[in-house]
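Visitor: Quick one: the structure is below, questions incoming.
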Amino acid sequence: ECLVRVAFAPISPLDLFVARRGADALFRDDLKLEAPHALGNSGVGVVETVGPGVTGLAVGDWVIPGRDGLGTFRSLGVWSEADWIKIPKEVMALEYAACHRELAVAYHLMETTAADLDAGDALIVNAANGAVGQVVVQLCRLMNLRAVAVVRRHDNFADTKAWLEFLGAYKVFADDEPIVPTLRREYAALPRLGFDGVGGLATLKLVRALAPGSTIVTYGFAGGTAA
């Protein structure tokens, strides 16, 4: 076993879902949580002490969870060596490593489903102000793709819109704004790919904004309802 100091632990949709409905609602055989338990499925930690028999980790190593349900919403904890994965320190800043799950999801979405898009093509992503959405927007800029970002209407929507445009979004819409008429007025081609992180009616809104024959990929259900 090893003593790990949790440096950063972001609140993810998975944490919120478990907090509201319980782990049993996930229908996952690999995640069994018995009350009382600490929330927290993501994060990054620093190994403080290692016990006898630990060979793959050393004091000072940076580690990320190797499975869900570790309960990273704490400052210190004793876990099995097998519960953590060592990561190189030179890859990124410690606080960024805490979002390894979201970074990996965004990269995987772009590497697989967006690989067939041509330069100048558009894709649309909702929950665009979330970690996954923000990374997708930035990757679109690097790949010369037009990112159409959709976010929930809120009090500081103007600031969120400005931020996403700064990251490289082609267009930013609130979820109550018409998308297709706006794009057509500007003679812009409709998106050929959609990334849905909300579910429910938000999925239908993305579908209606896509060009015929396009693809939509659901990567989450922040709205609490699957697509």
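Every residue, every condition in (1) modelled with pLDDT under 90; (2) in contact with a helix residue (DSSP H, G or I) (Cβ under 6 Å, 6 or more places away or on another chain); (3) open to solvent by 80 Å² or more (accessible area, probe 1.4 Å), yes or no:
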| site | (1), (2), (3) |
| --- | --- |
| Ser75 | no, no, yes |
| Ala106 | no, yes, no |
| Leu109 | no, no, no |
| Thr113 | no, no, no |
| Ala149 | no, yes, no |
| Lys161 | no, no, no |
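Visitor: Right, another one. Which of the residues spanning segment 115-141 are modelled with pLDDT under 95, more than 15 Å from the chain's Cα centre (by Cα) and either open to solvent by 50 Å² or more (accessible area, probe 1.4 Å) or more than 17 Å from Leu183 (Cβ to Cβ) (or both)?
Guide: Ala115, Asp116, Asp118, Ala119
Visitor: Cβ contacts < 6 Å: first residue touching a residue at least 12 places away in the same chain (Cβ under 8 Å), restricted to segment 177-196; second residue assigned to a strand (DSSP E or B) and of a type in the set (Phe, Trp, Tyr), any location; separation 6+ or different chain. Result?
Guide: Listed by first residue and then by second, the contacts come to Ile179/Phe173.
Visitor: Here's a follow-up. Starting from residues that are surrounded by fewer than 16 Cβ atoms within 10 Å (Cβ to Cβ) and either touching an Asp or Glu at 6+ places or on another chain (Cβ under 6 Å) or not small (Gly, Ala, Ser) (or both), keep the ones in segment 57-72 and report whichever is farthest from Ala19 (Cα to Cα).
Guide: Ranking the candidates gives Val59 first.
Visitor: Something else now. What pairs come up if the first residue lies in segment 105-117 and is more than 15 Å from Arg192 (Cβ to Cβ), the second is open to solvent by 50 Å² or more (accessible area, probe 1.4 Å), and their beta carbons are under 6 Å apart, counting only those six or more places apart or on different chains?
Guide: From residues that are more than 15 Å from Arg192 (Cβ to Cβ), the pairs are Val105/Tyr219.
Visitor: Please determine, by comparing only the residues of segment 191-213 that are surrounded by fewer than 17 Cβ atoms within 10 Å (Cβ to Cβ) and assigned to a loop (DSSP other than H, G, I, E, B), which one is modelled with the lowest pLDDT.
Guide: Gly200
The values are calculated or read from the model by the stated rules, or taken from the named source; none is laboratory data. Keep in mind the model is a prediction, meaning the values are calculated, not measured. Note that each Cβ is placed from the backbone with ideal geometry, even for glycine, and that neighbours are counted across all protein chains shown. Quick note on the areas: whole protein, heavy atoms, side chains included, nothing else; ligands and nucleic acids left out. Shrake-Rupley method; radii C 1.70, N 1.55, O 1.52, S 1.80 Å.
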